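Chemist: Pasting a structure below so you can have a look.
Values quoted throughout were computed directly from the atomic coordinates according to the rules given, and no laboratory measurement underlies them. Everything numeric here is computed off the predicted structure, so don't read it as measured data. Heads up, the Cβs are rebuilt from the backbone with ideal geometry, glycines too, and the neighbour counts pull from every protein chain shown.
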Amino acid sequence: MAILGVAKAVYGVDDLEKCTNFFNDYGLNLIEKTSEKTLFELEDGSQVVLRKKDDPSLPKAWFDGNGIKETIWAVDTQESMDRLIANLQTDREVRRDNDGTAHFIADDGMPQGLTIFRKRSIVSAADEINTPAKAARVNRNRTWRKRAHPKMISHVVFQVENPQLSYDFFKKRLGFRLSDTQRKLGCYARADGSHEHHNIFFFNANYLPPHVRKLGFNHTAFACDDIDEMMVGANYLERKGWATRRPGGFVGLGRHRISSALFYYIPCPAGGHAEYLADQDYLDDSWMPRDWEENFGGSVWVHDIPEHLKKDYSWDMQLFDEDAAK
Ligand SMILES: [Fe+2]
């Protein structure tokens with residue numbers, strides 16, 4: 001075990017005030033706000049950092065526009081940190097901060113970082129589900145939530161030129177595992193110390209229609225307890241005047257088939273979308289990656305069905321032998 005997931009998502013934005021207000025309303029805990037940066041912290045100790053796009057402390061921009069300009073990964077021990085850095089230094093520059101954070105550039109040009117991270121345990125109480133066959137809650141209500149309070153950064157997604165090449169770097173140099181592939185769309189990968197279905201998705205930018213086909217940031221997913229927390233969060237954002245529906249809001253609430261996660265993609269002024277997520281698959285190293293037809297893998301259902309999902313598509317999924325595929 002070495003990398004535990006995302007420790008810090010460092011955004012570069014054009015409007016610090018507006019983006020701070022958004023993540024406040026989204027439900028992240030504000031820790032610090034200055035004229036130069038805003039710091040939010042989630043329950044597990046991971047952080048969202050907002051800086052102005054032209055802040056010299058950010059790595060050289062690898063895409064235009066707002067979004068995550070650097071992803072800092074959580075490393076479990078000093079020994080793991082030393083081993084990862086020694087390997088990276090064999091063919092690239094690794095810059096160290098005073099606090100020990102290491103910065104480097106992945107093969108695809110994306111800025112990445114590593115920091116030693118003490119993950120805090122998450123305390124929360126998701127409600128049991130009653131069904132016609134089984135009463136898990138008797139004479140008990142579900143929890144009445146007032147606000148969403150996402151607990152951790154589940155994953156980050158970037159639009160890249162070649163998902164396989166981007167993933168290869170994470171596999172060979174950082175120890176990531178392949179979780180699944182979505183045909184034409186890209187690769188899902190998880191860190192070796194994480195049980196989240198994926199911590200990063202490499203999205204094939206060439207799959208996108210020409211007007212949005214570009215390299216860069218796509219979205220960040222924040223894990224909630226359940227569907228109630230997600231929808232309380234989405235309703236609160238709407239009351240505060242943020243757009244949560246199409247065209248910017250994609251397909252509303254839905255459930256992915258790949259990863260099983262419930263999703264709600266909220267358009268985010270800091271770039272791309274901020275996804276509320278819950279009930280995702282929990283994987284270990286006995287998981288066999290699968291290769292999914294893109295529409296079949298994309299969702300089981302969505303609230304606001306787009307045209308391309310109204311057509312028939314193939315229910316096609318195969319186990320994926322990564323070594324045999326080479
Ligand atoms: Fe996602």
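Chemist: Would you order CYS187, CYS268 from fewest to most other beta-carbon atoms within 10 Å of each residue's own beta-carbon?
Modeler: CYS268, CYS187
Chemist: Another one. Residues with beta-carbon under 12 Å from that of MET317, excluding MET317: net charge, scoring Lys, Arg +1 and Asp, Glu -1?
Modeler: -2
Chemist: How many lysine pairs does region 98-247 hold where the Cα atoms are under 28 Å apart and the two sit 8 or more places apart or on different chains?
Modeler: So the count works out to 13.
Chemist: By counting other Cβ atoms within 10 Å of each Cβ, how are HIS308, HIS211, HIS195, HIS155 ranked from fewest to most?
Modeler: HIS211, HIS308, HIS195, HIS155
Chemist: Would you mind pulling out the separation of the Cα centroids of region 277-309 and region 226-260, in Å?
Modeler: Each part's Cα centre sits 17 Å from the other's.
Chemist: Which percent of Cα-Cα pairs in region 56-118 sits in each 5 Å bin, short to long?
Modeler: 4, 17, 29, 25, 15, 8, 2, 0
Chemist: What is the Cα convex hull volume of the chain when expressed per residue in Å³?
Modeler: Each residue corresponds to 155 Å³ of Cα convex hull volume.
Chemist: Out of all Cα-Cα pairs in region 194-268, roughly what percent, to the nearest whole number, are more than 19 Å apart?
Modeler: I get 45 percent for the Cα pairs in region 194-268 exceeding 19 Å.
Chemist: Nothing charged except the Cβ atoms of Lys and Arg (+1) and of Asp and Glu (-1): what's the magnitude of the dipole of region 83-174 about its Cα centre? Round to the nearest 20 debye.
Modeler: Numbers: 18 positive and 10 negative charges, 184 e Å.
So the dipole magnitude of region 83-174 works out to roughly 880 debye.
Chemist: Could you order the peptides 38-44, 176-182 from most to least packed, using the average number of other C-beta atoms within 10 Å per residue?
Modeler: The most tightly packed comes first, giving 176-182, 38-44.
Chemist: Which value, in nm² and rounded to one decimal, describes the direction-averaged projected area of the C-alpha convex hull of region 43-149?
Modeler: That works out to 11.6 nm².
Chemist: Could I ask something else about it? Using a 10 Å cut-off around each Cβ, can you sort TYR313, TYR26 from fewest to most neighbouring Cβ atoms?
Modeler: TYR313, TYR26
Chemist: To continue, here is another question. Treating only the Cβ atoms of Lys and Arg (+1) and Asp and Glu (-1) as charged, compute the dipole magnitude of region 17-114 about its Cα centre; round to the nearest 20 debye.
Modeler: That gives region 17-114 a dipole magnitude of about 340 debye.
Chemist: Setting aside same-chain residues fewer than 8 positions from LYS37, which aspartates and glutamates have a Cα under 14 Å from its Cα?
Modeler: Excluding near neighbours in sequence, the set is ASP14, ASP15, GLU17, ASP54, ASP55.
Chemist: Using unit Cβ charges (K, R positive; D, E negative) and no other charged atoms, how large, in debye to the nearest 20, is the dipole of the chain about its Cα centre?
Modeler: Charge dipole, the chain, about its Cα centre: 740 debye, nearest 20.
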